[in-house]
Amino acid sequence: ITAAIAESERSHGGEIRFSVEGALHPFALMAGKGARERAVEVFSELRVWDTKANNGVLIYLLLADRDVEIVADRGFRAIVTAAEWQAVCGEMERHFARGEFEAGALTGIAQVHALIAQHFPVRGENFNELPDHPEVF
């Protein structure tokens with residue numbers, strides 16, 4: 001995952017973060033929080049929003065539910081639709097349902113890469129603003 005993100009980021013101007021969480025905390029479940037709400041929290045905790053062009057993307061995997069959520073910063077708001085992000089999530093979830101975790105993760109990174117590269121090609125120096133390694137919660 002780290003190598004795939006690093007390679008991807010060399011050819012576009014965006015930032016990708018990947019996080020994995022085993023299960024939601026029981027208090028979160030009792031409060032009615034789901035994977036999407038947790039993904040938004042993780043997006044904030046990892047400071048994915050903290051990029052110069054507001055073009056960070058979080059791929060969040062909730063293992064217990066094999067649920068994938070993508071949270072993209074405001075730089076993508078008017079240029080990538082929710083349906084496009086959901087298509088990436090769906091493809092990853094299909095891989096995970098078959099037990100293909102590595103393939104699912106790498107497919108998701110590749111598809112997010114394609115969306116970022118389309119809208120944020122490299123212009124000038126390409127600084128790595130966020131860590132490439134996955135975060136495990």
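Excluding residue 20 itself, what net charge comes from residues whose Cβ is under 13 Å from its Cβ, given Lys and Arg +1 and Asp and Glu -1?
-3
Express the carbon and sulfur contribution to the solvent-accessible surface of the range 12-137 as a percent, rounded to the nearest whole number, probe 1.4 angstrom. Kindly include the intermediate steps, with their values, before the conclusion.
Working: 3600 of 6460 Å².
That fraction is 56 percent.
With n ≥ 4 as the cut-off for DSSP H runs, can you work out [θ] at 222 nm for the chain, using -39500 (n - 2.57) per run divided by the number of residues, rounded to the nearest 500?
The per-residue figure over the chain is -13500 deg cm²/dmol.
In debye, nearest 20: dipole of the chain around its Cα centre with unit charges on the Cβ of K, R (+) and D, E (-)?
280
On a C-alpha basis, how far is the centre of the range 16-60 from the centre of the range 61-135 in Å? Whole number, if you could?
The two parts, judged by their Cα centres, are 13 Å apart.
Evaluate the Kirkwood expression for the hydrodynamic radius of the chain, namely the inverse of the mean inverse distance over all pairs of different C-alpha atoms, and round to one decimal in Å.
The answer is 15.0 Å.
Give the accessible surface of the chain per residue, rounded to a whole number of Å², with probe radius 1.4 Å and ligands, DNA and RNA excluded.
52
Identify, among 78, 1, 108, the residue whose Cα sits farthest towards the positive end of the charge dipole of the chain, taking +1 on the Cβ of Lys and Arg and -1 on the Cβ of Asp and Glu, with the dipole about the Cα centre.
78
What is the sum of charges, Lys and Arg at +1 and Asp and Glu at -1, for the other residues whose Cβ falls under 11 Å from the Cβ of residue 96? Each step should come with its number before you reach the end.
Details: positive: 66, 94, 98; negative: 65, 67, 91, 93, 100, 102.
The answer is -3.
Once phi is turned into θ = phi - 60°, what whole-Hz ³J(HN,Hα) does the Karplus curve with 6.51, -1.76 and 1.60 give for every residue of the range 111-127, x standing for Gly and Pro?
Values per residue, Gly and Pro as x: 6, 5, 3, 4, 5, 5, 4, 5, 9, 10, x, 5, 10, x, 5, 10, 7 Hz.
Which FRET efficiency value, to the nearest 0.05, do you get for residue 117 and residue 31 by plugging their Cβ-Cβ distance into 1/(1 + (r/R0)^6) with R0 = 30 Å?
E between residue 117 and residue 31, to the nearest 0.05, is 0.20.
Between residue 54 and residue 135, what is the label-to-label distance in nm when each label sits 7 Å out along the Cα-to-Cβ direction?
Simple spin-label model gives 2.1 nm for this pair.
Looking at the chain, what % of its DSSP beta bridges pair antiparallel, to the nearest 5?
Antiparallel bridges make up about 40 percent of those DSSP assigns within the chain.
Tabulate in residue order the Karplus-calculated ³J(HN,Hα) for the range 15-31, using 6.51 cos²θ - 1.76 cosθ + 1.60 with θ = phi - 60°, rounded to whole Hz; enter x for Gly and Pro.
10, 10, 10, 10, 10, 10, 10, x, 7, 6, 5, x, 5, 5, 5, 5, 7
The values are calculated or read from the model by the stated rules, or taken from the named source; none is laboratory data. Small disclaimer: the values here were computed from a predicted structure and weren't measured. Don't worry about glycine lacking a Cβ; one is built from the backbone with ideal geometry, like all the others, and counts go over all protein chains shown. Remember, those area values only see protein heavy atoms, side chains included, never the ligands or the DNA or RNA. Shrake-Rupley method; radii C 1.70, N 1.55, O 1.52, S 1.80 Å.
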